[in-house]
Protein chains: 2
Amino acid sequence: MPFTAPTADQRFVLEHVVRIGDLAASDRFADATPDLVEAVLEGAGQFAAGEWAPLDRAGDTVGAKWTEGGVVMPDGFRAAYRAYVEGGWGTIGSPVDFGGQGLPFVLAAAVLDTLGAANMGFALCPTLTVGAIEALVHHGTPEQQAQYLPRLATGEWTGTMNLTEPQAGSDVGALRTRAEPLGKDRWAITGTKIYISFGDHNLTDNIVHLVLARTPGAPQGTKGLSLFLVPKYRLDTDGQPGDFNDVRVVSIEHKMGLHASPTCVLSFGDNGDCIGELVGAEGGGIAAMFTMMNNARLNVGLQGVQVAEAATQKAVAYARDRIQSARAGSASRDPVAIIEHPDVRRMLMRMKAQTQAARALVYYAAGQVDRAALGDSDAKKRLDLLTPLAKAHGTDLGNEVASIGIQVHGGMGYIEETGAAQHFRDARITPIYEGTNGIQAADLVGRKLSGDNGGTLAALIAEMRGEAQDAGLIALIDACEDVARHMLAAEIDDRLAGSYPFLTMLSVGVCGWLMERSGRIASGAQGDPAFLAMKAAAARFYVEQLVPEALGLKAAALAQAEVLYAVDAEAFAA
Amino acid sequence: MPFTAPTADQRFVLEHVVRIGDLAASDRFADATPDLVEAVLEGAGQFAAGEWAPLDRAGDTVGAKWTEGGVVMPDGFRAAYRAYVEGGWGTIGSPVDFGGQGLPFVLAAAVLDTLGAANMGFALCPTLTVGAIEALVHHGTPEQQAQYLPRLATGEWTGTMNLTEPQAGSDVGALRTRAEPLGKDRWAITGTKIYISFGDHNLTDNIVHLVLARTPGAPQGTKGLSLFLVPKYRLDTDGQPGDFNDVRVVSIEHKMGLHASPTCVLSFGDNGDCIGELVGAEGGGIAAMFTMMNNARLNVGLQGVQVAEAATQKAVAYARDRIQSARAGSASRDPVAIIEHPDVRRMLMRMKAQTQAARALVYYAAGQVDRAALGDSDAKKRLDLLTPLAKAHGTDLGNEVASIGIQVHGGMGYIEETGAAQHFRDARITPIYEGTNGIQAADLVGRKLSGDNGGTLAALIAEMRGEAQDAGLIALIDACEDVARHMLAAEIDDRLAGSYPFLTMLSVGVCGWLMERSGRIASGAQGDPAFLAMKAAAARFYVEQLVPEALGLKAAALAQAEVLYAVDAEAFAA
């Protein structure tokens, strides 16, 4: 089944959910006119369908391979990556000062959405480059920016984020990688990092690693960390990749999915010859890391949208094609396409509604990046609040939709050749990396909620309530407010115990608000009648059926931690 | 992490949920004394832990292999299967007249639970043999029973179910495999069957295929189907496997999981030399098939319990072992085992509660098989009602728990070497085979509900309401009654549109009823304090947090089909 970019939904969401017109009204984003948005979405869609989607299966079945000489991507990936760079698809959101187009982050996200729906594993590579660009834009020296940003902005070089170490999964304070000063802002880097996505590959002639490490005498914990720029090949006096910088890819992980993305163990300075530069202040590593990670979290939420889109397209095509069994209750005993059976159609409607809801949530959050960049401090606060929702709920929905996609295929869904299983396997990492979804939930009920004593959430809830019309949606919004009030007064353990159900409730509340609006607009809009009718139906289904489901989480969100600790750890093995 | 059979929970569920004492009070099951139950559970647990669990990983990584000479199981499986036969583990529930022990079906299910928790793919093999035994006990001739049952009863030979064909997935009426009479109840079988689990292997010296086929002049649809017994090797005059019966394994599927179970394409009669015998009446294939499938459906629900148990054990062990990050809000900054973090503990509590709930549901339904066998006609009706719940909800829970298991492991969960991913992949077939979960939901709101105008459900609900104490649980029971009333009056499309949410609600209602009782008993019981405290906590968590979640499904269960058909099939691709 050929991949088709979801341009109609993207355009709709950008216009009515993100309200990209507000952005285009600013000087900075004046280029983001409807015509340009249309051209970018259509162009990216054609590129992704033509160049990247055909490689999705080889990405899974062949996968990235470790060799003595480094990681080798499957046949075709190198050329397809070059086409991506040459097509300028990496430059959409990159800074104008360094050769980028400086268009809104949310439009770059839409392009990534399309690329990742075509080939999720491959699209992770440019996703990570975005994080490296952000770190250097905000924390790099002018020299670092001049040397590295132009080639990161186009994608000629790719970026990585090097946080995790074997002994310290999500606990960055426990990192041990060391940086010893060599003078002239040169540091000798030594240590091992794990789970480095695209930590090595043969797509480009250099890779820019951003590495958290500890300087001599630095305090323990996160305060002792600094961020270092460590290229795979040091730049020569012309700024070209020169000497190998002693960054060795030790192995890649044997993962359940996302095989196109090499997950590397990187060893820095095995031969004492790995040189890095400090990015930002010494001891400022965590701040710089959060700059990288925040937008990366949104982009991981976007991966949920990508995989949901891909799984839905595949399931719809299969269900329209597969003829089996007469319609129950029908006079005719002729078999029909399975999409005509009510429960299959319910599954497909759920896939459509959840995919559109996830897209609305993540794009809406991404739009706040741009509003914040225009100086809107409330948008920055709202972005901070929504980031854990977009990451966690976006990826939860990607997993749910990919699983339903298998179910729609029946027995064929379990056979690898069909491709539905790949989406299910690929999706499963997204609730884990870039901060597990549990960590997102902790972030929500911790810093994001208490930071301003619930003020940012209260403003969001007021806006949602002002627009919501459905009684069930209003009930969910009220419930979110109740739980938020409880959370603000609760002990830390109780907050954490209810954090995940609360995150889900609130996410569905936000999605319900945006979907209800979308349905209302679609019902009265001019345009492709099939798309608009589907939008209206998916929105109705979401509000009428998925919103009430989330209300069922209220008891868990309000529950105290006590039941969890009623037994000790050993009893769990009894 | 070594596997430990869940004998404490099994014993508890058999005593307090199944009330196996009622069965032991009958002449037929008088042997099922507490001492014997204990001995069986303990013995099976030691056997499974010692012989089958160590092969689970090779089952996945090596898997069953197709060769010219037939399917070859990974090293060790043949010996481990022989040990199973020699230990008498196949005989627990087999008929006494044919060398079985004639113990309750539910006790045999408990043994399968243990075997499958140790090695789910492997345990599917004896699970299928159970179906073949059932078919022959109820529909076979005395000669067929004498020839085949003694060796099926011990597991010396294995059984298969041959339903599906390439053109007819769940639509058995569309089957084309033919049976031509050769005289003397010999029939020439010709056709191709797909998705035949353990359709070939090298574990035993014969395989007994039960094959749905169409006789000459038979009517179209399901009424024209008959069931045939087709051994891989025909029996010689001594009843020993003799000539090859022209049943060829064409290929095995490349599946996402359950690699230890060869999923075969079988070709019958390529050389015109495949001979079968009729089982039951000509045209009675569907009735005989349902005999096979009904208990098979329970046993697939049991696979959900198996994989949930395995995933939970692995996650608990990991979470107790893995030290990371200080406890939030704690004065100490020392890192703790992640089981101490509230959201991790919430995940583990959910895994424990859902696993125990799934076990309670499936065992409770399995107990109705035995009550029905003792002549209790209400138990037979309750069994029929509960079978789709046990199959669909049991497998849904298996999938949910396996997914949480990955999440508890963090990044390690996505690495295949850890083993958590295997459970996730293995589990995903269970909502599909033996009738997709959507088909189970249709069965519930169709035949099972309307068959006696809701009388069987009303009786169950009355019993649940009579015992339930928690207000939320009573609210869910009331909601199930409301939805059932709606379903009985609704058009077929509307019933089907809400069937899956209703199945889930009702399943959670039944689980909630049984878990609440279990918690009450555990709180006052004598025994292992750690086990009883965990049981009480899991029951409380289930009733307080998971029951309210299911109440959120009421809107979807009552929703009409109209929203699903508001757009036509093409619009789903718009």
Distances in nm between the label point of A:Thr61 (7 Å along Cα→Cβ) and its equivalents in the other copies, shortest first, are 2.5
Threshold 20 Å² - residues in the stretch A:247-262 whose accessible area is reduced by that much or more when the chain is no longer isolated, probe 1.4 Å:
A:Glu253, A:His254, A:Lys255, A:Met256
Carbon/sulfur fraction of accessible area - chain B, other protein chains in place, 1.4 Å, %
52
Give me the summed buried accessible area for the A-B pair, 1.4 Å probe, to the nearest 100 Å².
7800
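Go through the stretch B:193-296 and name the trypsin sites (Lys or Arg not before Pro) that are in a DSSP coil and have 16 or fewer other Cβ atoms within 10 Å of their Cβ.
Sparse-neighbourhood loop trypsin sites (Lys or Arg not before Pro): none present.
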With every protein chain left in place, what is the accessible area of B:Cys264 in Å² (1.4 Å probe, nearest 10)?
0
Label point distance in nm, A:Ser450-A:Glu491, each placed 7 Å from Cα along Cα→Cβ:
1.4
At B:His254 and A:Arg82, where each label point lies 7 Å from the Cα along Cα→Cβ, what is the point-to-point distance in nanometres?
2.9
For A:Phe290, place a label point 7 Å out from Cα along the Cα→Cβ vector, do the same in each other copy, and report the separations in nm, one decimal, smallest first.
6.3
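Given axes a ≥ b ≥ c from the Cα gyration tensor, I'd like to know whether the stretch B:158-286 is rounded (a/c under 1.5), prolate (a/b larger than b/c) or oblate.
Oblate.
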Quick one: putting +1 on the C-beta of Lys and Arg, -1 on the C-beta of Asp and Glu, what dipole do you get for the protein assembly as shown around its Cα centre, in Debye to the nearest 20?
600
Leaving out ligands, DNA and RNA but keeping every protein chain, what accessible area does A:Ser325 have, in Å² rounded to the nearest 10, with a 1.4 Å probe?
30
Treat every Asp and Glu Cβ in the stretch A:7-154 as -1 and every Lys and Arg Cβ as +1, leave all other atoms uncharged, and give the resulting dipole magnitude about the Cα centre to the nearest 20 debye.
320
Whole-number D in µm²/s for the protein assembly as shown (Stokes-Einstein; Kirkwood sum over Cα pairs; 4 °C, 1.567 mPa s)
42
Would you mind classifying the stretch A:7-154 by shape? Square roots of the alpha carbon gyration tensor eigenvalues, ordered a ≥ b ≥ c; an a/c under 1.5 is rounded, otherwise it is prolate if a/b is larger than b/c and oblate if not.
oblate
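For the stretch B:288-562, with only Lys/Arg (+1) and Asp/Glu (-1) charged at the beta-carbon, what is the dipole magnitude about the Cα centre, in debye rounded to 20?
It works out to roughly 580 debye.
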How high is the relative contact order of the stretch A:21-102? Use alpha-carbon pairs under 8 Å, at least six apart in sequence, and give a whole percent.
15
Which FRET efficiency, nearest 0.05, do A:Asp75 and A:Thr141 yield, Cβ-Cβ r, R0 30 Å?
0.15
Counting only protein chains, not ligands or nucleic acids, how are A:Trp157, B:Trp187, A:Trp66 ordered by accessible area (probe 1.4 Å), most first?
A:Trp66, B:Trp187, A:Trp157
0 to 90° range, to nearest 10: angle between helix B:529-541 axis and chain B longest Cα axis:
90
Over the heavy atoms of A:Tyr195, what accessible area does a 1.4 Å probe trace out, to the nearest 10 Å²?
60
Specify, for chain B, the residue whose C-beta is closest to the rotation axis mapping it onto chain A, with the distance given in whole Å.
B:Gly552, 1
Round to the nearest 10 and give me the degree value, 0 to 90, for the angle of helix B:455-467's Cα axis relative to the longest principal axis of chain B.
30
If you take the square roots of the eigenvalues of the alpha-carbon gyration tensor of the stretch B:288-562 and sort them as a ≥ b ≥ c, do you get rounded (a/c under 1.5), prolate (a/b over b/c) or oblate?
prolate
May I ask you to give the solvent-accessible area per residue for chain B, in square angstrom, as obtained with a 1.4 angstrom probe?
33
Taking all protein chains together and a probe of 1.4 Å, list A:His393, B:His16 from the most accessible to the least accessible.
B:His16, A:His393
Cα-derived Rg to Rh of the stretch A:324-466, Kirkwood definition:
1.13
Normalised contact order of the stretch A:158-284, rounded percent, pairs of Cα under 8 Å and 6 or more residues apart
30
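Calculate how large, on average over all directions, the projected area of the Cα convex hull of the stretch A:67-188 is; give the answer in nm² to one decimal.
Average projection, Cα convex hull of the stretch A:67-188: 9.9 nm².
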The relative contact order of chain B, taking Cα pairs under 8 Å that sit 6 or more residues apart, comes to a percentage of 13
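Per DSSP helix of 4 or more residues, -39500 (n - 2.57); summed, then divided by the residues of chain A. What does that give at 222 nm, rounded to the nearest 500?
Taking each H run of at least 4 residues, the total per residue is -16500 deg cm²/dmol.
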Suppose the chain between B:Thr33 and B:Arg57 were pulled fully straight at 0.36 nm per residue; how much longer would it get relative to their current alpha carbon spacing?
5.1 nm
Residues of the stretch A:528-546 buried by at least 40 Å² on assembly (accessible area, 1.4 Å probe, chain alone as reference)
A:Met534, A:Arg540, A:Gln545
Set Lys and Arg Cβ to +1 and Asp and Glu Cβ to -1, take the dipole of chain A about its Cα centre, and tell me which of A:Gly131, A:Ala109, A:Asn206 lies farthest positive.
A:Ala109
Computed FRET efficiency, Cβ-Cβ of B:Gln240 and B:Asp270, R0 22 Å: what is it to the nearest 0.05?
0.35
A:Asp482, B:Asp246, ranked by accessible area, largest first (probe 1.4 Å)
A:Asp482, B:Asp246
Along Cα-to-Cβ, 7 Å out, sits the label point; list in nm, shortest first, how far the one on A:Gln469 is from those in the other copies.
4.8
Roughly speaking, what is the centre-to-centre gap between the stretch A:1-80 and the stretch A:515-529 when only Cα atoms are used, to the nearest Å?
25
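The values are calculated or read from the model by the stated rules, or taken from the named source; none is laboratory data. The shown structure was predicted, so the numbers you read here are calculated from the model rather than taken from an experiment. Every residue, glycine as well, gets a Cβ built from its backbone with ideal geometry; the counts of neighbours run over all protein chains shown. For accessibility, only protein heavy atoms count, side chains too; no ligands or nucleic acids. Shrake-Rupley method; radii C 1.70, N 1.55, O 1.52, S 1.80 Å.
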